[in-house]
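Before any comments, here is the structure.
Bear in mind these aren't lab numbers, they're just calculated from the coordinates by the rules spelled out. Nothing here was measured: the structure is a model prediction, and the numbers come from that model. Counting neighbours? That spans all protein chains shown, and the Cβs are built from the backbone with ideal geometry, glycine included.
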Amino acid sequence: MLTGGTVKHIWSDELPTKNQDKRTAERHPIALPARLTWKDSRGMTRFASVVARNVSEFGVYVECPTPVSIPLYRLVQVQLDRVATEQGVVPPALRQGRVLSAVYRVTRPSPSRPQGLALRMMVDPRRAASVEQRRATA
């Protein structure tokens, strides 16, 4: 038999939402060739040809046809194919060429999907503030 203190109940009138989107910018699906450049643990420069699958103002998700060994939080340079940067959904940061980005999620390859990397672009924080301001006034 268990004995103990009182149980405190926490009530909320709000129903939980499953897929609450907490992104600061809208993602746009694309399929554009891109190139990653980074330095490995020995300081050697590495390259990989990838396919950008979606982009937003501050991030890009890429798929690697051949798996690469890039750990979380590694800084990489991402650059879209020059012709691809003319598309309207490509954020201004990616139109200017190489963008310093941090790897913040790595998905393992499976038989049906290649390895994926979620990259957070290191863009000027003042740009982030201007995007938030535009969203607040819209």
What does the stretch 28-125 give for Rg and for Dmax, in Å, if only its C-alpha atoms count? 12.6, 39
How far is it, in nm, from the label point at Ser41 to the one at Arg120 when both lie 7 Å from their Cα along the line to the Cβ? 2.3
Where does each of 101-112, 67-78 land if you order them by average Cβ count within 10 Å, highest first? 67-78, 101-112
